[in-house]
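Values in this text are rule-based calculations from the coordinates and carry no lab data. All values reported here derive from a predicted model rather than from experimental measurement. Neighbour counts are summed over all protein chains in view; Cβ atoms, including those assigned to glycine, are modelled from backbone coordinates with ideal geometry.
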Amino acid sequence: MLVKQFLRFHLGSQEAPVPFGGRETQIATLNNWLANDAAPSNLLITAPAGRGKTALLVRWVGQLVDVAWPIAFVPISISFGTNDAAVFYPALAARLASILGYELPITSQNPAKFYKNIVLEYLDYLEDCDKRCLLVIDGLDEATGWLVDMSVLPQAASRNVRIVVSARQLAGDWRSDDWLRRLGWNPPQTQASTMELPLSTVRASPMSCRTWGSPSPI
């Protein structure tokens, strides 16, 4: 329910849609990355506050209706109360269970710990089956009092899993480098693509885009 409220806020309604534009180049690049089997499976999007990372991701996943990648989109948002581990992990586990066709177990234990382990189990299952998953986590910087377990965001996802995460550049950060280091996605340990979001304009802006550990652009 919280994720639906989050999406409704950023998309608006059919009668009163939230304005969006100037990101055609970025959306096309994200589509190309997802369609490119040779591209690194992990993608990090960074920008200063207010650049529209969330709006971009919401619009992007919203237009992925006919692709062969079921989407697990879970935002970490202080405003919508999804910044708590006890909310994030159950929401992610529920979506992965739906993709896999599993019934999500119910627990009276610590929900963050229990459902984090369920998430890890489901990600392992995805490695061994023919189902794909696009895991999109928006707002890593808004996690309060906890960090997303790096085992949930492995250095190299399986061939069936693509991972996109976004984070606000913190004070003193240099481009995407510091978040790559926090995630353990920095070279030479792993391959990861990066997108550094420019200011949005009415016309599509050029995008700064780098790929760590791979000679190919995303």
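So the label point goes 7 Å from the Cα of GLU142 along Cα→C-beta, right? Which residues of segment 161-186 then have their backbone N under 15 Å from it?
Within reach of a label on GLU142, which here means backbone N under 15 Å from a point 7 Å along Cα→Cβ, segment 161-186 contributes 165-169.
Just to check I understand the Karplus step: with θ = phi - 60° and J = 6.51 cos²θ - 1.76 cosθ + 1.60, what whole-Hz values come out for segment 171-186, glycine and proline as x?
For segment 171-186, the Karplus-derived couplings read 4, x, 5, 10, 6, 8, 4, 5, 6, 4, 5, 4, 7, x, 9, 6 Hz, x marking Gly and Pro.
Along the Cα-to-C-beta direction of ILE78, a point sits 7 Å from the Cα; which residues of segment 104-133 have their amide N less than 12 Å from that point?
Nothing falls inside the zone, counting backbone N under 12 Å.
In what sequence, highest mean first, do 147-156, 88-97, 52-61 appear when ranked by Cβ atoms within 10 angstrom? Walk me through the numbers on the way to the answer.
Values: 147-156: 15.2, 88-97: 22.2, 52-61: 20.2.
Ranked by mean Cβ neighbours within 10 Å, highest first: 88-97, 52-61, 147-156.
Taking the Cα centroid of segment 34-109 and of segment 126-166, what is the distance between the two, rounded to the nearest whole Å?
If you average the Cα positions of each part, the centres end up 8 Å apart.
Taking 7 Å along the Cα-to-C-beta vector as the label spot, tell me the LEU170-VAL152 distance in nanometres, rounded to one decimal.
Between LEU170 and VAL152, the simple spin-label model gives 1.7 nm.
Expected output is a single nm value to one decimal: the length gained when fully extending between ALA49 and ASP37, i.e. 0.36 nm times separation in residues minus the C-alpha distance. What is it?
On the way: separation 12, 0.36 × 12 = 4.32 nm, distance 3.13 nm.
Here the segment from ALA49 to ASP37 would lengthen by 1.2 nm.
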